[in-house]
Structure formats: structure tokens, C-alpha cells
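As C-alpha cells, the structure follows; a few thoughts come after it.
The values are calculated or read from the model by the stated rules, or taken from the named source; none is laboratory data. Since we're looking at a predicted model, the values are computed, not measured. When we count neighbours, we look across all protein chains shown, and the Cβ atoms used for this are built from the backbone with ideal geometry, even at glycine.
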Amino acid sequence: MNGQHRSLTTRRTALLVVATLIAVTLGGCVAVGRSGQPASTSPNDPASDSRTTAQVTDELGQLPGVSAAFVSTGPVGLPNQLELTVGLNLEAGYPGDVPALLDYTLAMAWSATVEQPTTTAAVAFRDGDSALDLAPAAAALGWTGMAGPTLAVSMDEMADRYGPWPGPVPEKPAALG
């Protein structure tokens, strides 16, 4: 009986140690944002002057010929891996400059400051009821070899074109009305 009691006590102690380590590990993540960056707590911190993906979504949704927009940064794959997802629904037969719209849309999404994307920027446009192949627009911007209709733009390609994250809020091109 003494051996069984000792074995039970050892198991309980080991379980408590493991549970405590898990709690301490998870508790240490509380002050860290989803992207692994410290959460902003100071009103003087530049990060407190944030620009959300919701704001960018709203601004893109107001462009002529755009019936709906969506910009989000969220988890994909491993922990702390964040993808920038961008989508526009265009009115059927969109007559505008698609390369200019793609460029402006990605620059706007890159200017959102709340969570830094770490993997890719996935972007897709719909022209009425069908997917719009963005490969020709990407090629016009110098991104050759990308297959459409959805594009996966690497973070290096985004930084090369729009500067380090977060990029500046771009001026709306005249071609977009």
C-alpha cells in the first residue's frame, strides 16, 4: 500500500508540475499580440495610432465600381503565422484599370497597422459572378509567373513594392476615379 501511495503521489506531483508549466507558458503569452508583437499599452506608442483592416475595407468598398471589399489579417498554419487576405467584388463588366486597382488595393491593405502579416498576401477579385484572373494585372505590375485567379504575393514582394510594413497610406490614383 505504501508503494502504491508513493506512486500515486508521484503521478499527481508530475501532473501538477506539467499543468503549472503549461499555465506559466500560456500566461506569458498574455502580453503578446497574435502576431507575436508586444501589445500596445501606451497612448504615446506609435502603434496606438493604428489603422485597422476594417477601416481599409470600408475605404476600398467606396471605390467606383467596387460593390464590396474585404481585408483581413488572420492565422494560417503554424502559430504566429498571419496571412493578409484581400478581396473585392466588382460590378459586372468592371470598366476600370485592373492593374491600378490591384496595386492600390494591395498598398491600402499593406497600410493596415494592427497585425503584421508574416506569410503571404492572398488577393482575389470577382467581376460580377465570376472570378477575375489577376495574373495579367500582376504581370503589368512586374510580378510575372503568378497564376490566377487568386494571387499569393510574398511578404518580400510586398515589402519590395510598398516598403516595410506598415506601408504609408497611398494616394488614390486618378485612374480609379
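In region 149-164, the qualifying residues are those that are buried (at least 17 other Cβ atoms within 10 Å of the Cβ) and not hydroxyl-bearing (Ser, Thr, Tyr), and the one that is farthest from residue 111 (Cα to Cα) is 151.
Please go through region 117-131 and pick out each residue that is over 21 Å from the mean Cα position of the chain (by Cα) and crowded, with 18+ Cβ neighbours inside 10 Å. Across region 117-131, the qualifying residue is only 127. In a residue-by-residue description of region 47-67, the property of being free of Cβ contacts under 8 Å to residues at least 12 places away in the same chain, touching a Ser or Thr at 6+ places or on another chain (Cβ under 7 Å) and surrounded by fewer than 20 Cβ atoms within 10 Å (Cβ to Cβ) applies to at least one position. Scan region 142-153 and give yes if some residue there is of a type in the set (S, T, N, Q) and part of a strand (DSSP E or B), otherwise no. No.
The set of residues in region 136-145 that are surrounded by fewer than 17 Cβ atoms within 10 Å (Cβ to Cβ) and among the small types (Gly, Ala, Ser) comprises 139, 140, 142, 145. Of all residues in region 69-86, those that are in the same structural domain as residue 126 (by TED's automatic domain parsing) have Cβ atoms under 6 Å from Cβ atoms of residues that are at pLDDT 95 or above and acidic (Asp, Glu), 6 or more apart or on another chain, in 76/83. Here residue 108 fulfils each of the conditions (1) within 20 Å of residue 51 (Cβ to Cβ); (2) surrounded by fewer than 19 Cβ atoms within 10 Å (Cβ to Cβ) apart from (2).
Scanning region 75-129 for residues that are part of a loop (DSSP other than H, G, I, E, B), more than 21 Å from residue 144 (Cα to Cα) and of a type in the set (S, T, N, Q) turns up 80, 81, 111, 113, 116, 118. None of 92, 112, 121 is closer than 17 Å to residue 171 by Cα and in contact (Cβ under 8 Å) with a residue 24 or more places away in the chain except 112.
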